[in-house]
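A short reminder: the numbers here are calculations on the coordinates, not readings from a lab. All values reported here derive from a predicted model rather than from experimental measurement. So basically every Cβ, Gly included, is an ideal-geometry build from the backbone, and we count neighbours across all protein chains shown.
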Amino acid sequence: MNLKCKFDKERGLPFILTGFVILLDQITKSFIAARWPIGSMITNVFDDDFFLGHDFLHIIHVRNPAIAFSIGQNLPEPAKRILFVILPIIVLCVLVWYYLSSDEFTKLQRWAIAGILGGGIGNIADRILRPDGVVDFISVRFYGIFGFERWPTFNVADTSVVISCILLLVTIFAGHRKMVEKEQTDEQES
């Protein structure tokens, strides 16, 4: 495997998604932070019961000084800086290096990785620039699934990371399955 960084159209184009996610994430967070004090909420965003019910979506301005599900919120500040800023920056740098070096990714996988990068950078920017923590504001009803009446509040960056990770994993497993099926077919034909 040649792990020399290459930058061409196929590798570069998905970075448009990275930029779009960062921009949309920071615009929505700035909008919420500028207009609503921490803890304020808009309930019943959907007024009708026909679509998803009037209680499905709430907009609530909260800050998360930790990572997903507020994991690590009681850690000392130096540990938070290392675990929630420095370590993720290193991980994203390694991901970009591997992304640019590897020929193993499909086009769809490259777009998924670009979505992960955009979401990761969006949340790291908040951890660096917003002393109160990452701005979260989307609260959806979860109907008791996994014991949650409402899913923990999230933002555009979180959404991009989760959707992109799911897409990446599905394409990796689907590709692996196709490869195994092809090997089995090749063995049967020989």
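Only Cα pairs under 8 Å and at least 6 apart count here; give the relative contact order of the chain as a rounded whole percent.
Once normalised by length, the contact order is 28 percent.
Starting from one equal scatterer on each C-alpha and no solvent at all, send me the Debye-based log10 I(q)/I(0) for the chain at q = 0.08, 0.15 Å⁻¹, two decimals.
So the normalised log intensities work out to -0.35, -1.01.
What are the equivalent ellipsoid semi-axes of segment 1-41, built from the alpha-carbon gyration tensor (square roots of five times its eigenvalues), in whole angstrom, biggest first?
37, 10, 6
Compute, for segment 23-139, the length of the dipole vector about the Cα centre, with Cβ point charges of +1 (Lys, Arg) and -1 (Asp, Glu) only. Units Debye, rounded to 20.
The calculation lands at about 520 debye.
How large, in Å, is segment 66-108 by the Kirkwood hydrodynamic radius built from its alpha-carbon pairs?
Value: 12.2 Å, from the Cα pair sum.
Of the peptides 65-76, 117-128, how do they stack up when ordered by the mean number of other Cβ atoms within 10 Å, highest first?
In descending order of packing, they fall as 117-128, 65-76.
Positive end of the charge dipole of segment 17-183 (Lys, Arg +1 and Asp, Glu -1 on Cβ, about the Cα centre): tell me which of 147, 96, 165 has its Cα farthest that way.
96
Which order do the peptides 32-38, 130-136 come out in when sorted by mean C-beta neighbours inside 10 angstrom, highest first?
Packing proxy ranking, top to bottom: 130-136, 32-38.
Quick one: P(r) of segment 80-182 from all Cα-Cα pairs, 10 Å bins, percents rounded to integers, in order of increasing distance.
With a bin width of 10 Å, the distribution comes to 14, 34, 32, 17, 3, 0.
Take the Cα radius of gyration of segment 124-176 and divide it by 2.2 N^0.38 Å, with N its residue count; two decimals is plenty.
That ratio works out to 1.47.
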